[in-house]
Amino acid sequence: MSSSKTQTQIHRHSAGARKRWWVEVGWRYIIGLVMVLIVGVPVLYIIGVSLDPQGSTTGSSVFPSKITFDNYTTLLGGSKGPFLRWYLNTLIVCLVVTVLQIICSSLAAYAFSRLRFTGRRVGILALLLIMMFPNVLAIIALYSMFTQLGEAFPIFGLSTIAGYVLCLMGGALGQVWLVKGTLDSIPQSLDEAAIIDGASHFQVFSRILFPVLIPIIATTAMLAFVGIISEFIIGSMFLKSADSMTLAVGLYGLLQGDKTANYGVFAAGAVMVSVPVVILFLFLQRYIVGGAVAGAVKG
Amino acid sequence: MLLTSQPSTDPSPNASVPRERNTTLPGLITKIIFLGVVLAIGVYAVPLLIHYQMWMWLGIMVAAVVLIFVIYLTKRFIPGKYLFPGTAFLSVFLIVPVVLTVGYSFTNFGDGSRSSKEAMIAAVQTESFKRTPDSPVYTLAVGVEGGDVADGPYTLFLIAGDDPSQKVLAGRDGEDLAAWTGQAPTITDGRVTAVPGYKLLTARQINDAWANLQAMAVNVPGGSESGIKVQTPTQAYEGKSSIRYDKANDQLVSDSGQVYPNQVVGTANCFVAPDGKCFQGKSWLQNVGTKNYSRLLTDSSIRAQFLAAFAWTLIFSLASVGLTFLLGFFLALTLNDERVRGQKAWRAFLLLPYAIPGMISLLIWSQFFNKDFGLINQLFGIDVNWFGDQTLAKIAVILVQIWMGFPYMFVVCTGALQSIPGDVKEAARIDGSTGLSTTFRIIMPLLLISVAPLLVASFAFNFNNFNAIQLLTQGGPALSGQFTRGGTDILISMIYKQAFGGSGTDFGFASAMSVLLFILTGVLAAVQFRITKRLENLT
């Protein structure tokens, strides 16, 4: 009798502990799992579509009917548009714009953080305000500006990568804030020492400060790079010839051309674009999250 | 105060500001090469821009070259040396377009009204060239001088069919037909077959360039009433315009006697056809004053649509920020607990939607909401036409925003939660606060202060988040009786449609809408400024 009573007590006790565990911790796992499903299912599904030769549009199943790489070979073969060219164009645009933006932003950040000049505070406020206007608000003017420019200099016209890059340079000072913030946190004594040693202002910038800035610049560059991959509005307006398109414009066109027939091929393209970016993100997660929290908003 | 609130890092006037020292030799060489290149570009570009009469670009070019020399050649203007590159790009590709947009908003600039009145009349006449019984016929060859075979500019080489001396005539777009004065061409069977310095187009290339060749206006000396029209790849004729411009009465008159008077249609003047519309849909670039604005503000249907789009833009931005924040915050609270294992793995996985490039996610989701084969309908076994109904489409847009945006908020909130000191929570517990009320009374306000600037920035970003609409629904579904707005159009996508949409591009009117959007964005920026500043004062 007594022994059975103890058993029930133990049983009751562990049931209570389990209940408490569910109330305090267990539900957290459930919610986490639900979110993993919400994030994971669409991703897995699109990978499935990319492997399904029929593009998963005909059957009622969520699973691919057959697994092949047909969609990938079709896309890389170029019959649906010069995908590799789009990829290359996107890389060129993102690299050039990111590098130029970072250079312009770092130089300006140095002036704002270290140099004294009249209009410095007004300038910094004006810049803060102007950068809030995305240049897409003036798309009509940009369109006619570049139509004109292209007549005199065909390499900078519409449907050219160079013209598109130039247009995106309207955001040349987009990274000033992050860089200036970091510069402000570097003690002034560092450059003073260098100046006493006879360094010029450019040497202070390039040899002393720039190396210290490299981590934050790498973070900003990564965020800017990924943001530019998604630039669509100016691209869709400027890049009309197939050879000049970026991935955003090209894949959009592919999908608009025939939603059903091109689904699988589009999915293959989406996977090929996303995989490198996601891998890069996972490797640099710590820095990117830091940069994102410091104030950059990804497009 | 905002910007100089950290006295320790504020540059002191004299001590630390470096001066320009004697330049090193490599530095000097770099400088010389750089300025040389700038000068070379300037020397190359200026005559070209003058030739094309692009005064704005000419001004930009000259100003840039002069400024570069003034700033980088002298040892003064040290801050200018650092500010110039970014500021120059910013000015040319952000500020100038904004100023131009404001300018356009006072004109009728659009597809049918790009050129001057004279050019428009000439174009109308060129297009109406007709062959008359006695009009001369020429053999034709088309050449390009160094230019692009596909784009021109083209030169037409003509020999009159009845001319025994085989005199070669040449004509370029916008110029009069004249005797060829260049190097002697080769003539075979009465047709020009080679011209030194020119590349002649093959019949196939001429076919490819057909539209361009048809649009060429090569006048026959003596006015724009008659001109050369390309008829086949080897033949051209002199046509006579069937439209005449009656200067005295400022009207167009056709051969059949139909009169097209110059009158106001809509906001601008044009030659009016009997059906009350502009002749061939054409007008010319003219100043319309504030008519675009008054149309926007007084036409009740347009104003209602603008306001409806504005309201949806606000709801869209607010919902995007608010819901992603709530979900992110909730997840951060849920998973940021030391008893939950594998914190890093959860975080890495939930970051996935943030890592995938935004345009890819949006395009993928546009497929998922497809009625016939979309994942959503398949998964839940339903048959909902998501993008066919205004409300459903709006819900879909917001759902996608949440899916794409919650990881960012999750990460931000996790970071902010971890930075709240443990003794704050401890103190709350000692004061008798329970779990839930600690969360809402103590943690949430602290967290809100640190993330509020990001929320405001995110709101401002979504306010003009063109991609989120265009890539997902294209602003659809179309609404009956609405002028350009679709059910999910935010202001920026509505303006884009107005300017570049299929039916009747009206840049002037779209610019007026853009200017209103500038103002709204400016107000938003000012509010953002204030909030951020107040919060900075708080912390």
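Taken together, the values in this text are just the output of simple stated rules run on the coordinates, not laboratory data. For clarity, every value in this text was computed on a predicted model and none was experimentally measured. No Cβ is skipped: glycine too gets one built from the backbone with ideal geometry, and neighbour counts run over all protein chains shown.
Details
- Each of B:371, A:180 was scored by other Cβ atoms within 10 Å of its Cβ. Arranged with the fewest first, they read B:371, A:180.
- Taking 19 Å as the straight-line reach from the Cα of residue B:291, the lysines in range (excluding those fewer than 8 positions away in the same chain) are B:277, B:282.
- Placing R0 at 35 angstrom, the Cβ-Cβ distance between residue A:117 and residue B:99 gives a FRET efficiency of 0.90 after rounding to 0.05.
- Note on residue B:372 and residue A:284: their simple-model spin labels are 4.1 nm apart, each label 7 Å out from Cα toward Cβ.
- Distance from the stretch A:230-267 to the stretch B:91-170 (C-alpha centre basis), Å: 32 Å
- Computed lengthening from residue B:426 to residue B:262, 0.36 nm per intervening residue step minus Cα-Cα distance: 50.9 nm
- Applying a 4.7 Å cutoff between beta carbons, the unpaired cysteines of chain B are B:413.
- Peptides ranked, highest mean first, by Cβ atoms within 10 Å: ranges A:254-260, B:234-240: B:234-240, A:254-260
- Average beta carbon contacts from partner chains per residue of B:104-116, 10 Å cutoff: 1
- Ordered by the number of other Cβ atoms lying within 10 Å of each residue's own Cβ, fewest first, A:73, B:439, A:160 fall into the sequence A:73, B:439, A:160.
- Using Cβ point charges alone (K and R +1, D and E -1), the dipole size of the stretch B:71-143 about the Cα centre works out to roughly 500 debye.
- The mean count of C-beta atoms from other chains within 10 Å of the C-beta of residues in B:494-501, rounded to a whole number, is 3.
- Rg/Rh ratio calculated on Cα atoms of chain B (Kirkwood radius): 1.09
- Residue B:231 long-range amide H proximity, modeled H, under 5 Å: B:236, B:237
- Over chain B, Cα pairs under 8 Å with separation of 6+ residues give a relative contact order of 14 percent.
- Per-residue Cβ neighbour rank within 10 angstrom, fewest leading, B:278, A:104: B:278, A:104
- Computed on chain A, with alpha-carbon pairs under 8 angstrom and 6+ residues apart, the relative contact order is 26 percent.
- Two-site label geometry, residue A:31 and residue B:287: point separation in nm, points 7 Å out along Cα→Cβ: 6.3 nm
- Reachable aspartates and glutamates from residue B:31, criterion Cα separation under 17 angstrom, eight or more residues apart if same chain: B:20
- Gyration tensor (Cα) of the stretch B:129-241, equivalent ellipsoid semi-axes in angstrom: 19, 17, 13
- Membrane-span-like helices in chain A, defined here as complete DSSP H runs extending at least 24 Å along the helix axis by their C-alpha atoms with mean Kyte-Doolittle hydropathy no lower than 0.0, are A:27-51, A:83-114, A:210-229, A:263-283; this is a sequence and geometry rule, not a statement about a membrane.
- The stretch B:25-104, relative contact order in percent, only Cα pairs under 8 angstrom and at least six apart counted: 21 percent
- Dipole moment magnitude, nearest 20 debye, the protein assembly as shown about Cα centre, only Lys, Arg, Asp, Glu C-beta charged: 2840 debye
- For peptide A:109-117, the mean count of partner chain Cβ atoms within 10 Å of a residue's Cβ comes to 6.
- Cα gyration tensor category, rounded, prolate or oblate, for the stretch A:227-280 with a/c compared to 1.5: oblate
- Most positive-pole-ward Cα, B:350, B:487, B:393, against dipole of the stretch B:300-538 from beta carbon charges: B:350
- Relative packing of A:42-52, B:63-73, which averages over residues the other C-beta atoms within 10 Å, highest first: A:42-52, B:63-73
- Per-pair calculated FRET efficiency, R0 = 35 Å: residue A:79 and residue B:345 via Cβ, rounded to 0.05: 0.30
- Unit charges at the beta carbon, dipole of the protein assembly as shown: most positive-side option, B:43, B:280, B:64: B:64
- Listed residues A:158, A:185, A:196: farthest to the positive end of the dipole of the stretch A:148-299 (Cβ charges): A:158
- Computed from the C-beta positions of residue A:24 and residue B:399, the FRET efficiency with R₀ = 25 Å rounds to 0.25.
- DSSP H segments from chain B that extend 24 Å or more along their own axis, Cα-based, with Kyte-Doolittle mean of 0.5 or above: B:25-51, B:55-73, B:300-335, B:390-419, B:444-463, B:507-538
- Charge dipole (debye, nearest 20) of the stretch A:147-299; +1 at Cβ of Lys and Arg, -1 at Cβ of Asp and Glu: 360 debye
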